[in-house]
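Quick notes on the structure that follows.
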Amino acid sequence: MVKDKQAGICRTEGDTNMKTMLERGAGILMPVSSLPSPYGIGTFGSAAYDFVDFLKKARQKYWQVLPVGPTSYGDSPYQSFSAFAGNPYFIDLDTLVKEGLLTQDEINACYWGDNPTQVAYDAVFWYRFPLLKKAYARSEYREEQGYEKFCMDSWFWLNDYAFYMALKFHFDNKEWLAWPEDIRFRKKEAVESYREELKDEIDFWKFLQYKFYQQWGKLRAYANEQGISIIGDIPIYVALDSADVWTHPELFLLDEENLTPIKVAGVPPDAFSETGQLWGNPLYRWDYHRETGYQWWISRLAHCFRLYDVVRIDHFRGFDEYYSIPYGETSAVNGHWEKGPGIDLFRKVEQALGWKQVIAEDLGYVTDSVRRLVQESGFPGMKVLEFAFDSRDSGCANDYLPHNYTENSVAYTGTHDNETLAGWWKSITPEEQKMVREYLCDQYTPQSKLGKSLISLILRSRSVLCVIPMQDYMGLDNRSRINKPSTVGTNWKWRLAKSDLTEDLKQEIHGMTLRYGRMNWN
């Protein structure tokens with residue numbers, strides 16, 4: 001990879017297509033769900049705008065969020081009911097009050113949980129939808145010019161998603177594989193009958209998407225006005241229990257007789273997990289995608305770039321080779337690697353959409369062919385500091401030492417799947433702690449202050465962008481961890497308190513950002 005310093009562009013050797021790089025800067029990883037609010041979960045309300053203001057004053061250029069799709073069992077944003085829809089949990093209720101669609105008394109009559117530092121998923125599920133139903137019944141959204149445009153822009157997915165969710169609630173939230181056979185197989189008579197029967201419910205789910213995208217659009221525009229770009233995050237796979245799979249089974253490796261998956265996704269056993277990770281997502285029928293010119297992927301990514309300024313694609317290595325596990329297995333032990341679409345997919349995407357800013361999540365077991373794919377794509381890969389001092393994996397760890405970071409990369413202390421920096425420090429061995437201190441040339445800084453020294457390592461690296469999880473700037477331990485892979489029930493719950501965004505914290509982040517030349521001067 002070579003770079004023209006003055007033009008801020010990069011290209012692969014022998015490639016005449018010049019591609020703009022991300023702008024050098026710093027950002028913070030903060031899920032929308034983790035924002036403060038009195039209603040059980042973070043939303044697009046005033047706290048989101050306050051957070052943007054905090055980022056601006058701290059001179060950050062980027063806000064990275066986790067996937068914003070509607071979540072299903074387990075509350076994981078990486079297992080969504082749709083690759084296109086937005087999460088109704090994020091619709092701000094106070095805004096609906098201002099619009100005359102709800103009253104404050106109606107909201108206050110609901111239970112929103114007892115712990116403001118944890119997302120109250122049960123309370124949000126049971127109390128939010130009846131409120132949103134009231135807002136829907138009072139709204140004259142169909143008369144709004146913006147609604148018609150939204151429906152036109154969303155033709156590819158909106159009607160199918162709304163129909164799917166109406167059916168899901170009609171069938172007591174069962175997955176679509178448990179629905180009656182006629183509608184499970186989308187037989188014409190059943191589709192027509194249920195569409196008529198559930199017409200009002202379908203309109204309700206379309207209304208929710210309209211409000212989601214209306215509020216998100218305003219928040220993103222506000223962030224952009226402050227010189228802050230939004231980094232979105234999309235999983236490579238979609239959930240089995242999703243409108244995408246039910247509506248387009250031809251895109252996935254499903255048994256034609258019963259529509260169950262033939263093979264599912266995951267990752268193999270490694271030093272961190274003896275049985276690997278069994279994700280359970282249906283795998284893509286890549287030969288079909290290739291025959292259609294990857295139209296579904298082009299539509300998906302085009303949609304993403306209407307949502308975000310930059311898109312991080314999770315598990316990017318799956319486009320080179322993907323791990324295939326027979327359906328019905330209870331672990332990932334008996335899977336094997338199969339060849340993915342490779343660079344052909346991204347060439348077709350670029351032909352259709354032009355050059356777009358993508359971050360390739362190239363973590364995990366990285367082969368030479370994965371490295372070639374990332375290089376050919378021109379996308380920056382990821383560097384995670386916590387991986388740099390793993391005594392079990394010294395060969396790969398060297399790639400994550402900050403002095404080895406390339407300019408076309410995005411550096412993190414950790415991701416949503418990692419321990420917090422403070423929690424990681426407590427969990428690593430004395431030998432690994434010694435490695436860290438030797439790398440820092442620092443034997444004396446107290447453990448409570450060491451996080452800032454570690455953050456500074458990546459901020460002063462060559463990486464074009466550095467993204468720090470909010471918990472790491474705050475020095476929080478693993479009680480504030482976002483996700484522990486292969487576990488269910490305790491993840492995706494951490495929330496920020498409004499009082500946490502202190503002047504001292506803002507000044508500290510501002511100072512470090514200035515010191516290492518990553519300022520948002522907007």
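The values are calculated or read from the model by the stated rules, or taken from the named source; none is laboratory data. It should be emphasised that the depicted structure is a prediction, and the values quoted were computed from it without experimental measurement. In this analysis, Cβ positions are derived from the backbone assuming ideal geometry, glycine residues included, and neighbour counts consider all displayed protein chains. In case anyone asks, the SASA skips ligands and DNA or RNA and just uses the protein heavy atoms, side chains included. Shrake-Rupley method; radii C 1.70, N 1.55, O 1.52, S 1.80 Å.
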Between GLN507 and ASP50, how high is the FRET efficiency from 1/(1 + (r/R0)^6) when r is the Cβ-Cβ distance and R₀ = 25 Å? Nearest 0.05.
0.90
Under the rule that an exposed site lies in a DSSP loop and has at most 13 other Cβ atoms within 10 Å, name the longest stretch of the chain with no trypsin sites (Lys or Arg not before Pro) of that kind, not counting the sites themselves.
188-391
Along segment 215-229, what does the Karplus equation 6.51 cos²θ - 1.76 cosθ + 1.60 (θ = phi - 60°) give for ³J(HN,Hα), rounded to whole Hz, x for Gly and Pro?
6, 5, x, 5, 5, 4, 4, 4, 4, 4, 4, 8, x, 10, 8
In whole percent, and with a 1.4 Å probe on the protein chains, what portion of the accessible area of the chain is carbon and sulfur?
49 percent
Collect residues whose amide H, placed 1.01 Å from N in the peptide plane, falls under 5 Å from the amide H of ALA239; neighbours closer than 5 in sequence don't count.
SER80
Taking H placed 1.01 Å from N in the peptide plane, check which residues at least 5 places from LEU29 or on another chain put their amide H under 5 Å from its amide H.
GLN64, ILE468, MET470
With the Cα gyration tensor of segment 194-306 giving a ≥ b ≥ c as the square roots of its eigenvalues, does the rule (a/c under 1.5 for rounded; else a/b larger than b/c for prolate; else oblate) give rounded, prolate or oblate?
oblate
In vacuo Debye sum over C-alpha of segment 110-168, base-10 log of normalised intensity I(q)/I(0) at q = 0.17 Å⁻¹, listed in q order, is -0.82
Name the residues of segment 210-249 whose amide N is less than 11 Å from a point 7 angstrom out from the Cα of ARG285 along the C-beta direction?
248-249
So what are the ³J(HN,Hα) numbers for segment 500-510, from phi and the Karplus equation (6.51, -1.76, 1.60; θ = phi - 60°), rounded to whole Hz, Gly and Pro as x?
6, 7, 7, 5, 4, 5, 4, 5, 5, 5, 4
Spin-label model distance (nm) - HIS336 vs ASP122, 7 Å beyond Cα toward Cβ:
4.5 nm
With a 1.4 Å probe and all protein chains left in place, how much accessible area per residue does the chain have, in Å²?
43 Å²
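Would you work out if segment 46-181 is rounded, prolate or oblate? Take a ≥ b ≥ c from the square roots of the eigenvalues of the alpha-carbon gyration tensor; rounded if a/c is under 1.5, else prolate when a/b is larger than b/c, oblate otherwise.
The shape class here is rounded.
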For TRP337, distant residues with modelled amide H under 5 Å away:
SER324
Provide the solvent-accessible area of TRP337, counting protein heavy atoms only and rolling a 1.4 Å probe, rounded to the nearest 10 Å².
80 Å²
Using θ = phi - 60° and the Karplus relation 6.51 cos²θ - 1.76 cosθ + 1.60, list the HN-Hα couplings for segment 450-464 in order, rounded to whole Hz, with x at every Gly or Pro.
5, x, 5, 5, 5, 4, 5, 4, 7, 5, 9, 6, 6, 3, 5
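Looking at the chain, identify the longest residue range that excludes and avoids all GluC sites (Glu not before Pro) in DSSP loops having at most 14 other Cβ atoms within 10 Å.
No qualifying site falls inside 275-522, the longest such stretch.
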Using a ≥ b ≥ c from the Cα gyration tensor of segment 406-481 (square roots of the eigenvalues), is it rounded, prolate or oblate, where a/c under 1.5 gives rounded and otherwise the larger of a/b and b/c decides, a/b for prolate?
oblate
